[in-house]
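Here is the structure we will look at, set down as structure tokens.
Derivation of every value follows stated rules applied to the coordinates shown; laboratory data play no part. Source: prediction; values computed, not measured. Positions of Cβ are backbone-derived with ideal geometry, glycine not excepted, and every protein chain shown enters the neighbour counts.
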Amino acid sequence: MTVLYRAVFFRSCLEIYTMTTETEGLLKEWATTYNNPQYFQEDPIAFPKHFAQLMQEGRCGLKDVEVAAIFAAHFAWGRRAMIVRDCTRLFDEMSWRPYDYVMRGTWRDEDASIHRTIKWSEVAAICSRLKDIYEGQESIEALTVPQIRTLVFGQKEDAKAPNKKINMMRRWMVRDDGKVDLGLWRSTSPDDLLIPLDVHVYQQATELGLTERKAKDISTVMEITDAFREIFPGDPCKGDFALFGYGVTHQGL
């Protein structure tokens with residue numbers, strides 16, 4: 001290796017290292033800035049958070065929060081304003097008593113849409129499955145991601161699926177830093193959570209160099225989560241707020 005070649009080689013390595021360090025610093029900064037309730041007042045998490053606050057006041061229970069989280073996560077695709085509108089319609093139908101609504105055994109069961117392609121009949125089917133689960137256990141925390149997929153949402157098993165809405169709901173219920181997330185599931189470690197992957201998260205993660213994979217599948221979820229685990233040890237889903245911050249700061253670019 002010539003002196004000139006070595007100089008170019010080591011300068012390139014330094015540039016890569018510097019860029020990586022700078023990116024890591026920005027991710028930490030965005031995560032700190034945007035892990036803040038002010039950015040999530042008009043967001044699906046506002047619904048389980050509402051019931052979590054009632055729970056603290058002794059006015060509802062954990063199962064109300066869980067049911068709210070299940071449906072808010074299920075509706076969490078599309079424009080925020082539309083999601084909030086349709087979640088409000090759903091909880092109005094439930095008289096803002098989600099667990100009681102599930103357990104009463106009769107639900108609005110129509111072919112009409114409640115949110116985009118989600119119909120009232122689908123809501124009724126989820127309620128029916130939740131009722132069966134709650135008749136045998138006090139919480140759905142012990143269910144694995146594949147079990148929530150099949151036993152709650154009634155979807156087919158799919159070992160490659162990213163399961164975005166389930167991982168998002170689990171983030172809400174597990175992370176406990178007293179800011180945005182609820183921290184009500186105490187038997188699950190934040191280190192076991194996975195990044196909720198959708199098209200936007202995938203694009204952001206790709207632009208930031210967190211993954212080079214083409215498929216938006218569970219392997220990509222694991223790769224992005226592992227990258228965040230290096231930056232946020234023990235709490236990889238804090239990186240979700242970093243990606244949110246990247247999206248906010250790069251709108252229109």
Distance histogram for region 159-229 (every C-alpha pair counted, 5 angstrom bins, percent rounded to whole numbers): 3, 18, 26, 22, 17, 10, 3, 0
Which of His74, His115, His200 moves the most in a Gaussian network model of the chain with Cα springs under 10 Å? His200
Could you tell me the relative contact order of the chain? Use alpha-carbon pairs under 8 Å, at least six residues apart, and round to a whole percent. 21 percent
If you add up the charges near Ile140, with Lys and Arg at +1 and Asp and Glu at -1, over every other residue whose beta carbon is less than 13 angstrom from its beta carbon, what do you get? -1
Which FRET efficiency value, to the nearest 0.05, is calculated for Ala112 and Ala81 with the Förster distance at 22 angstrom and r the Cβ-Cβ distance? 0.60
Isotropic mean projected area of the C-alpha convex hull, the chain (nm²): 15.9 nm²
Of the convex hull drawn through the C-alpha atoms of region 36-101, the volume per residue in Å³ is 78 Å³
Note down the relative contact order for region 92-144 as a percent, whole number, built from C-alpha pairs under 8 angstrom at least six residues apart. 26 percent
With springs only between Cα atoms under 10 Å apart, run a GNM on the chain and tell me which of Asp226, Asp158, Asp181 wobbles the most. Asp158
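What's the longest uninterrupted piece of the chain once you rule out the GluC sites (Glu not before Pro) that are loop residues per DSSP with at most 12 other Cβ within 10 Å? Don't skip to the answer; put the middle values down first.
Numbers: sites that count: Glu42, Glu57, Glu110, Glu135, Glu138, Glu157, Glu212.
With a cap of 12 other Cβ atoms within 10 Å, the longest stretch comes to 158-211.
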In deg cm²/dmol and to the nearest 500, what is the mean residue ellipticity at 222 nm of the chain if only DSSP H runs of at least 4 residues count, each as -39500 (n - 2.57), divided by the residue total? -17000 deg cm²/dmol
About the Cα centre of the chain, what is the dipole size in debye to 20, counting +1 per Lys and Arg Cβ and -1 per Asp and Glu Cβ, all else neutral? 340 debye
Computed over region 64-206, the distribution of all Cα-Cα distances in 5 Å bins, rounded to whole %, is 2, 9, 18, 23, 22, 16, 8, 2, 0, 0
Compare Lys164, Lys214, Lys179 in a GNM of the chain, Cα atoms joined below 10 Å, and give the one with the largest fluctuation. Lys214
Under a Cβ-Cβ cut-off of 12 Å, what is the net charge of the residues other than Arg80 that fall near it, where Lys and Arg count +1 and Asp and Glu count -1? -1
